[in-house]
1. With +1 on each Lys and Arg Cβ and -1 on each Asp and Glu Cβ, how big is the dipole of the range 90-174 about its Cα centre, in debye rounded to the nearest 20?
2. Using only Cα atoms, find the angle between the long axis of helix 21-37 and the longest principal axis of the chain, and express it within 0 to 90 degrees, rounded to the nearest 10.
3. 222 nm [θ] for the chain, helices only, -39500 (n - 2.57) per DSSP H run of 4+, per residue, to 500?
4. Once fully extended, how much extra length lies between I109 and T31, figured as 0.36 nm per residue of separation less the alpha-carbon to alpha-carbon distance?
5. In degrees from 0 to 90, rounded to the nearest 10, what is the angle of the helix 135-144 Cα long axis to the longest principal axis of the chain?
6. Only Cα pairs within less than 10 Å get springs; with that Gaussian network setup on the chain, which residue of F206, F40, F190 has the largest fluctuation?
7. Which order, highest average first, do 220-226, 273-279 follow once you tally other Cβ atoms within 10 Å for each residue and take the mean per peptide?
8. Looking at the chain, how many pairs of lysines come closer than 28 Å at the Cα, when each pair is eight or more places apart or spans two chains?
Amino acid sequence: MAITLSGDQAIAPPLSSRLSPAQVWGIVLLTPYFLVFLAFVVYPVCYGLWLARAPSNYVALYNDPIFARAAVNTLIFLVIGINIKMLIALFLSGFFAQQRTWIKWLSVIFILPWAVPSIPTILSVRFMLNPEWGIINHYIFAFTGDDGPNWLNDPTVALTMAIAVHIWKSLPFWTLILITGRLAISHDLFEAAEVDGASWWQKFRFITWPSMQTLYVTCTLLSMIWTLGDFNSVYLLTGGGPADLTHVLSTLGIRYLRLDQLSLAMASIVCAMPFVLPLVYFMMKRLSR
């Protein structure tokens, strides 16, 4: 006896038959990435938020003067370090964009601090600043006969040095990005301005800056996001010292880990989110225009 199935009772074809071969391969190739993303991004973030869930963690942070100092240091690092770095990168991009052989060779040397790993470069700066056998104090004694200062023993000087190291280490990258922006500007605009007798400042104000403004602001926002997570510049140079007074939010968690306070370490990282999320929002808003 034949059995007739209605439309609602009909067996749906398998999913593989409803997908094209390209769609099947797309799912197959995306699956490893999705699993890695879950294991190394989603799970650590959720686990960190779970560890930092207790309100008592944030009360303890509020009562810890080192946390307040780290938050202030982070703001100083962002406001001063990022703006100085991007301004220098903006003007150096004009210098390195010139088509001269010796400038091309100089650019190879200029990019080395960014190309070399952070540990040897920053530790070499730390050795140079050593008060007893560092090369800087050696030359101070050789030329003046006086002992040089203990550079990293003063919190203000130590934080200034950390900002300087951050600028020195990341400056070549942002200069390279801004060079590409300069090279995208039509040379005809500069030739027309030259015929009209425009000065270099007028060329920069009316041609270069309007053409690079979007790129510059986007790079500044992205640099702020990356700088919030810059662990190396402070920790490798000062270790957060002296007396934990040069910590930033990206290094403060290590202090709490040393004190066996994992929940406070996670909470200190969560406290950086009010800095990060607005920057991400404004950057994505600019990129979506």
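1. 560
2. Rounded to the nearest ten degrees, it is 50.
3. Mean residue ellipticity, 222 nm, calculated: -21000 deg cm²/dmol.
4. Additional length available on full extension: 23.9 nm.
5. It is inclined by approximately 20 degrees.
6. Looking only at F206, F40, F190, the largest GNM fluctuation is found for F40.
7. Top to bottom by mean Cβ count within 10 Å: 220-226, 273-279.
8. Pairs that pass both the separation and distance tests number 6.
All of the numbers you see were taken from the coordinates with simple rules; none came from a lab. Values in this document were obtained by computation on a predicted structure and should not be read as measured data. When we count neighbours, we look across all protein chains shown, and the Cβ atoms used for this are built from the backbone with ideal geometry, even at glycine.
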